[in-house]
Amino acid sequence: MATGTLITVEGIDGAGKTTLAGGVVRSLSEQAGIDIHLLREPGGVELAERIRDLVKDPSLKVGGRAEALLYAAARAELVEEAITPLLLSGAWVLLDRYVDSSLAYQGAARGLGVEEVLAINSFATGGLVPARTLLLRLDPAIAAARMEQRGEAKDRLEAEGEAFFSQIADAYDGLADAEPERFRVLDATLGQDELLLAGLDALSDLLP
Ligand code: TYD
């Protein structure tokens with residue numbers, strides 16, 4: 001039986017997940033003395049990092065079904081090689097994206113169906129569900145402006161239009177409504193410090 005705790009951070013591109021995840025890990029580790037490991041999806045282990053390069057490559061043709069299966073394959077390896085052993089050791093794992101990303105991006109926005117994508121992901125993860133999911137909610141237009149400001153080249157998914165990200169945002173809201181015990185929705189327009197406090201507050205009931 002796994003005794004550790006799995007936490008995930010979700011949201012559309014540009015919502016600030018990575019900054020929040022870094023802050024939460026630092027606080028829980030330094031202030032609460034928790035053994036916590038930050039991993040990102042797709043990636044975290046060698047096979048998944050290579051799949052990450054494939055799915056993000058703007059020059060590659062990747063159909064929706066292949067895309068869903070690639071993310072699921074990367075996830076399967078990450079769960080088996082990294083997450084499960086950490087949870088078995090009693091550690092906490094904070095994941096920057098997990099199954100809900102596939103449900104929102106591939107299931108809803110790519111139109112593959114949330115139930116169908118959930119089915120392949122249940123297979124991929126052996127049914128591993130996070131104890132808590134922090135959802136950063138942000139208007140897709142604001143997220144697009146933030147990414148524009150960052151000035152980085154867009155990967156294959158980031159190059160999609162606002163309609164795509166609106167569908168993802170709506171799908172995330174639907175997932176959060178369906179599982180209020182697991183999800184905590186955070187306002188991504190908050191300043192970095194306030195957002196971190198809100199994130200930590202949303203985890204407080206899980207702390208030892
Ligand atoms: P992201 O966390 O945005 O990486 P980065 O911040 O370094 O760009 O994730 C990469 C992209 O993959 C992002 O556009 C969301 C997408 N994605 C899916 O479509 N499905 C998934 O299951 C996952 C994990 C990510």
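Structure values in brief
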{"item": "Subset of region 120-147 that is more than 14 Å from the ligand (Cβ to nearest atom) and of a type in the set (D, E, K, R) - its residue that is modelled with the lowest pLDDT", "result": "ASP139"}
{"item": "Hey, ALA82 in a helix (DSSP H, G or I) and more than 14 Å from the ligand (Cβ to nearest atom) or not", "result": "yes"}
{"item": "Residue in region 125-161 that is farthest from LEU197 (Cα to Cα), counting only those that are of a type in the set (Val, Ile, Thr) and assigned to a helix (DSSP H, G or I)", "result": "THR125"}
{"item": "Out of LEU38, LEU95, sole residue that is more than 8 Å from the ligand (Cβ to nearest atom), under 19 Å from ILE12 (Cβ atoms), part of a strand (DSSP E or B) and under 14 Å from the mean Cα position of the chain (by Cα)", "result": "LEU95"}
{"item": "Scan of region 153-180 for residues that are within 12 Å of the ligand (Cβ to nearest atom) and among the acidic types (Asp, Glu), ordered by number", "result": "ASP155, GLU158, GLU160"}
{"item": "Count of residues meeting criterion [assigned to a loop (DSSP other than H, G, I, E, B) and under 14 Å from LEU138 (Cα atoms)] in region 180-205", "result": "4"}
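The values are calculated or read from the model by the stated rules, or taken from the named source; none is laboratory data. Being a predicted model, the structure only gives us computed values, none of them experimental. Here the Cβ is made from the backbone with ideal geometry for all residues, glycine too, and neighbour counts use every protein chain on show.
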